[in-house]
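Q: Encoded as structure tokens, here's the structure I'll be asking about.
Quick note: the coordinates plus some simple rules give every number you see, no bench work behind them. This structure is a prediction, so every number in the text was calculated from the model and none was measured. Cβ coordinates were reconstructed from backbone atoms using ideal geometry, including for glycine residues, and neighbour counts include every protein chain displayed.
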Amino acid sequence: MARGGFYSVDSLNGLHVLVVDRDADGREIVAAILRYCGALVTEVASPAEALEVMQVVKANVLVVRVYPKGATMKVVRRVRALKPEAGGVIPVVAIGAAGAGVTEEHVRAAGFDGFIAMPLDPWMLCRLISSLISG
């Protein structure tokens with residue numbers, strides 16, 4: 001995949017991304033990718049922690065590692081219940097393993113705005129976030 005124009009089109013400079021993943025290594029990898037693309041990143045281990053952080057910090061995007069039958073699939077409903085000024089309208093991106101029963105159709109039906117399948121393509125993640133913010 002061509003990467004020409006990455007910084008002019010897909011830079012995440014100035015964006016604050018809240019990353020949710022119960023797996024510490026997974027959080028660190030996603031956070032490192034997003035920081036490389038210029039984003040400010042806050043990492044948390046659970047949807048409950050994400051909602052607490054959103055009371056204090058205004059993130060531009062929420063990135064959630066989803067699991068087929070976990071609370072992560074319900075986080076969008078809880079985020080959308082927030083007032084717009086509290087983050088209720090921010091884009092929410094799911095990262096999931098398609099082989100584990102997580103598909104784009106599944107996460108979109110749950111209310112997510114975008115989906116990245118594992119194994120994670122760093123450039124696709126940054127492009128997706130950029131497109132959700134600019135579009």
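Q: Exactly one condition in (1) in contact (Cβ under 8 Å) with a residue 40 or more places away in the chain; (2) hydrophobic (A, V, I, L, M, F, W, C); (3) farther than 21 Å from Leu120 by Cβ; (4) part of a helix (DSSP H, G or I) is not met by Leu34; state its number.
A: (3)
Q: Given the conditions (1) buried (at least 21 other Cβ atoms within 10 Å of the Cβ); (2) assigned to a loop (DSSP other than H, G, I, E, B), report the number of the one that Val75 does not fulfil.
A: (2) is the only condition that Val75 fails.
Q: Now for a separate question. In the range 78-112, what residues are surrounded by 13 or more Cβ atoms within 10 Å (Cβ to Cβ) and part of a helix (DSSP H, G or I)?
A: Passing the criteria: Arg78, Val79, Arg80, Ala86, Glu104, His106, Val107, Arg108.
Q: Looking at Val17, is it outside any helix (DSSP H, G or I) and under 20 Å from Ile133 (Cα atoms)?
A: yes
Q: Among Ala39, Ala48, Ala32, which is buried (at least 19 other Cβ atoms within 10 Å of the Cβ) and farther than 20 Å from Gly101 by Cβ?
A: Ala39
Q: How many of the residues making up the range 57-71 are assigned to a loop (DSSP other than H, G, I, E, B) and farther than 22 Å from Leu12 by Cα?
A: Of the residues in that region, 5 qualify.
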